[in-house]
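Okay, structure first, notes after.
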Amino acid sequence: MKPRWLYVALIVSVALNLFLGGLIVGAVVVGRRVAEAQPVGAGVLKSPIWRAGDGLAQPYRREFRKTVREAVLATRDDIREGRRLRQDALAQMGQPTYDIAAVEAQLQRGRALDQKARGQVEAAILRFAATLPPDQRAILSEGMRKPTRPVRPADANAPELAPPSAPPRP
């Protein structure tokens with residue numbers, strides 16, 4: 001007669017192996033679904049301006065990305081300050097005392113910093129474009145003209161949004 005503990009150990013081992021096998025299969029299935037839901041290379045993609053040089057020949061593409069990286073790093077403080085100003089202004093909207101003029105002024109300062117930073121990055125790209133041969137400059141020009149966001153057709157089933165109606169007068 002075999003000891004009872006061997007049967008218990010066998011049952012526990014089978015149960016543990018089934019659990020671990022199910023865990024591994026589940027992780028693989030979920031991983032594939034997540035990968036299918038994301039566009040290819042989504043983790044590598046940067047801003048549309050970064051992607052504008054994708055069509056360039058390799059040595060020019062490398063130099064374009066270096067140019068953009070350096071320009072963005074040079075404007076990093078303005079970008080951060082603009083973001084901070086916008087966040088602070090939007091936080092003020094929720095305060096009991098709401099000064100619309102102060103919020104608008106703060107948002108305007110944030111937008112001005114954003115525009116300044118964007119202008120500096122674009123100026124660096126223009127200087128870089130002047131160093132390119134005409135065929136590569138045409139490719140960069142086409143990349144810069146691509147829309148920054150995908151254009152999506154209106155959903156036929158979505159309800160149309162109308163401005164809220166005025167509240168009834170007493």
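The values are calculated or read from the model by the stated rules, or taken from the named source; none is laboratory data. All figures in this text were calculated on a predicted structure; none of them were measured in a lab. Cβ coordinates were reconstructed from backbone atoms using ideal geometry, including for glycine residues, and neighbour counts include every protein chain displayed.
In the range 23-50, the residues that are at negative phi reach residues that are in a helix (DSSP H, G or I) and modelled with pLDDT of 65 or more with C-beta atoms within less than 6 angstrom, at least six apart or across chains, in these pairs: W50/V68.
For the range 114-121, indicate whether the set of residues that are under 22 Å from L56 (Cα atoms) and more than 26 Å from the chain's Cα centre (by Cα) is non-empty. Taking every residue of the range 114-121 in turn, none turns out to be under 22 Å from L56 (Cα atoms) and more than 26 Å from the chain's Cα centre (by Cα).
Taking the conditions (1) assigned to a helix (DSSP H, G or I); (2) surrounded by 10 or more Cβ atoms within 10 Å (Cβ to Cβ); (3) at pLDDT below 90 in turn, E36 satisfies each one other than (2). Of the helices (runs of 4 or more DSSP H) lying entirely inside the range 65-148, none contains at least 3 residues that are touching a Pro at 6+ places or on another chain (Cβ under 9 Å) and surrounded by 13 or more Cβ atoms within 10 Å (Cβ to Cβ).
Yes or no: Q106 touching a residue at least 12 places away in the same chain (Cβ under 8 Å), polar (S, T, N, Q) and over 22 Å from R145 (Cβ atoms)? When the stated conditions are applied, Q106 passes them.
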